[in-house]
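*Asks:* I have a structure I would like to understand better, so I am pasting it below and will then ask my questions one at a time.
The values are calculated or read from the model by the stated rules, or taken from the named source; none is laboratory data. The structure displayed is predicted, hence computed values, not measured ones. Positions of Cβ are generated from backbone atoms using ideal geometry, with glycine treated the same way; all protein chains shown enter the neighbour counts.
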Amino acid sequence: EYVLTQTNFVHKDDLKYPFEERGLQFGDGIYEVIRVYKGEYYLIDEHVERLFRSAEAVKITIPFTKKEVYSHLDELLKKNNITTDAKVYLQITRGSAPRDHAFPQNIEANLYAYVQDLPRKLEMMRGGVSAITQADVRWDWCYIKSLNLLPNVIAKQEASEAGCFEAILHKDGEVTECSSSNAYLVRDGKVYTHPAKKNILHGCVRLRVKKFCQEESIPFIEEAFRVEDIQYADELFLSSSTAEVMPITVVDGKTVSNGKAGVITQKLQEKYEEDAK
Ligand code: PDD
């Protein structure tokens, strides 16, 4: 298994992080998780664009052009002979230098990327998953895909300890997104989700969900729904590169609607399947 570090491939057991890597000391970096189906990237343009947007937002200069990033990512799959379903984790940190909160002078960003097998979660996608609700205690700039994931990690752990797949996050009752996915509610044939403001991650799959809805003339309403709306929902689902379009059928121990994947969710799953082929 080969890991990419800058432009070099090293065996994963031989990768050494510098001790003063700012990604480790400050979470000073950004990342992407990119889906691979049968050895081919899905939504790669969306991910590369977001990577560069995140970098700009935190004043990291990526030491590669977009074209170079594409070619390194392609090489990563080739080097590892990936022909199956997988995910690529790509991280760019500000670099390493003696510890100081302010950016050190002449620092060069570090890039790391690796690929892991990831079978599709077909059974969960059919039957749905359960979730808990949790206060969203994250910062105001969640549109940046930053390495600072402690609130997300804790929320996901709470979900896991409750035997659930995800934590639905809310600010004063308004649902923002989930700990590592976007959240949607369906009522009377309309899909509701938090607008793509600075306080949520603008998911690559979210963009597709929006497009699929438009193609199917399903109203896609970018208005936040509230935790108390969930009890009246016809359907609830989440989306991400690793979970695709996933029905949420139980929230805080209560069944959502009839407890099954809803018709709109299933339609969006079909469209996703077609699109990702
Ligand atoms: N998570 N919201 C948050 C907070 C996320 O971390 C993610 C992705 C998403 C969905 O984004 P996308 O559709 O681009 O995958 C929404 C990735 C998969 C992760 O951290 O593992």
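Residue-wise test of (1) free of Cβ contacts under 8 Å to residues at least 40 places away in the same chain; (2) part of a loop (DSSP other than H, G, I, E, B); (3) surrounded by fewer than 20 Cβ atoms within 10 Å (Cβ to Cβ).
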residue	(1), (2), (3)
Ser217	yes, yes, yes
Ser239	no, no, no
Pro247	no, no, no
Ser257	yes, yes, yes
Lys260	no, yes, yes
Gln266	yes, no, yes
Glu270	yes, no, yes
Glu274	yes, no, yes
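*Asks:* Something else now. Please work out if Gln231 is away from the ligand (no atom under 16 Å from the Cβ) and without any contact (Cβ under 8 Å) to a residue 12 or more places away in the chain.
*Replies:* In short, no.
*Asks:* Could you tell me whether Lys145 is within 14 Å of the ligand (Cβ to nearest atom), farther than 19 Å from Arg22 by Cα and among the basic types (Lys, Arg)? It would help to see each step written out before you state the result.
*Replies:* Working: within 14 Å of the ligand (Cβ to nearest atom): yes; farther than 19 Å from Arg22 by Cα: no; among the basic types (Lys, Arg): yes.
Taking the combined requirement at face value, the residue does not satisfy it.
*Asks:* Just need a number here: residues in the range 21-40 that are within 13 Å of the ligand (Cβ to nearest atom) and not basic (Lys, Arg). Before the answer, list the steps.
*Replies:* The first filter runs over the range 21-40 and keeps only residues within 13 Å of the ligand (Cβ to nearest atom), leaving 30-36.
Among the residues that remain, those that are also not basic (Lys, Arg) are: 30-34, 36.
So the count comes out to 6.
*Asks:* Would a scan of the range 125-132 turn up a residue that is aliphatic (A, V, I, L, M), without any contact (Cβ under 8 Å) to a residue 40 or more places away in the chain, within 16 Å of the ligand (Cβ to nearest atom) and assigned by TED's automatic domain parsing to the domain that holds Asn182?
*Replies:* No.
*Asks:* Let me ask something additional. In the range 102-124, what residues are surrounded by 15 or more Cβ atoms within 10 Å (Cβ to Cβ) and touching a Ser or Thr at 6+ places or on another chain (Cβ under 9 Å)?
*Replies:* Ile107, Ala109, Asn110, Leu111, Tyr112, Ala113, Leu118
*Asks:* Given Arg94, Arg99, which one is buried (at least 18 other Cβ atoms within 10 Å of the Cβ), basic (Lys, Arg) and not assigned by TED's automatic domain parsing to the domain that holds Ala183?
*Replies:* Values: Arg99 fails: buried (at least 18 other Cβ atoms within 10 Å of the Cβ).
Matching residue, one of Arg94, Arg99: Arg94.
*Asks:* Here's something else I'd like to know. Pick from Val209, Val186: which is assigned to a helix (DSSP H, G or I) and in contact with a Gly (Cβ under 9 Å, 6 or more places away or on another chain)?
*Replies:* Val209
*Asks:* Mind listing just one residue for me: the one in the range 42-57 that is small (Gly, Ala, Ser) and away from the ligand (no atom under 12 Å from the Cβ) and, of those, nearest to Asp74 (Cα to Cα)?
*Replies:* Ala55
Results for (1) near the ligand (Cβ under 8 Å from one of its atoms); (2) within 20 Å of Ile144 (Cβ to Cβ), shown as yes or no for each residue.
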{"residue": "Ser179", "(1), (2)": "yes, yes"}
{"residue": "Pro195", "(1), (2)": "no, yes"}
{"residue": "His202", "(1), (2)": "yes, yes"}
{"residue": "Lys211", "(1), (2)": "no, no"}
{"residue": "Glu216", "(1), (2)": "no, no"}
{"residue": "Phe220", "(1), (2)": "no, no"}
{"residue": "Leu236", "(1), (2)": "no, no"}
{"residue": "Ser241", "(1), (2)": "yes, yes"}
{"residue": "Val250", "(1), (2)": "no, no"}
